[in-house]
């Protein structure tokens, strides 16, 4: 998380809403060597205290979860390079604007019999966003094929102890300078979800 307080003004509710909407992040745990990282879809409770996800049984992180394990779930949002030319003022340097929220807490394996319920809730969450497409359900699969696939994944949960967000949108610049950079950033299209990033630059968190 960026240390500048100007980029840390979003309240907890906004950080939770952002992470819940994204629903995908990087799960990181420390080891004696380099950290282990997995890219995972997840569900986050409305109050932000519990994240649920699944991992492939052969994932090295699973082998470390014989006991509760401290972890960080980093959720990356829109981001883009910012050219100093776009500010229209002298003595500026290149930078990168972005939104990210980190969830920190303890991850644990859940009983395997919870896997089907988690699968159903995860698919329902993301299928609902595709409406009016008819919702995919696990019942569409052949029962023994579904059972075989579910044995290869394990349900997990994180008890979230800490939520921190960085909304780096040029708030450290004068308002007119920040707004001047939004249009060319959007037009350049360099990065991810640049239209959303430009909208946030025009109205950053108070």
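Bear in mind these aren't lab numbers, they're just calculated from the coordinates by the rules spelled out. As the structure is a prediction and not an experimental result, all values here were calculated from the model. Ideal geometry is used to build each Cβ from the backbone, glycine not excepted, and the neighbour counts take in all protein chains shown.
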Note the angle between two axes, namely the Cα long axis of helix 175-188 and the longest principal axis of the Cα atoms of the chain, as a number of degrees from 0 to 90, rounded to the nearest 10.
-> 60
Please identify which residues in the range 52-84 have an amide N closer than 13 Å to a label point set 7 Å out from the Cα of residue 45, following the Cα→Cβ vector.
-> 52
Give the distance, in whole Å, between the Cα centre of the range 83-129 and the Cα centre of the range 1-29.
-> 8
Modelled FRET efficiency - R0 22 Å, residue 161 with residue 64, Cβ distances, 0.05 increments | 0.75
Could you please rank 108, 166, placing first whichever residue has the fewest other Cβ atoms within 10 Å of its Cβ?
-> 108, 166
By the C-alpha gyration tensor axes a ≥ b ≥ c (rounded if a/c is under 1.5, else prolate when a/b exceeds b/c, else oblate), the shape of the range 143-193 is oblate
Cα long-axis angle, helix 12-22 against the chain (0 to 90 degrees, to the nearest 10) | 60
Any chance you could give the angle, 0 to 90 degrees and rounded to 10, that helix 115-128 forms with the longest Cα principal axis of the chain?
-> 40
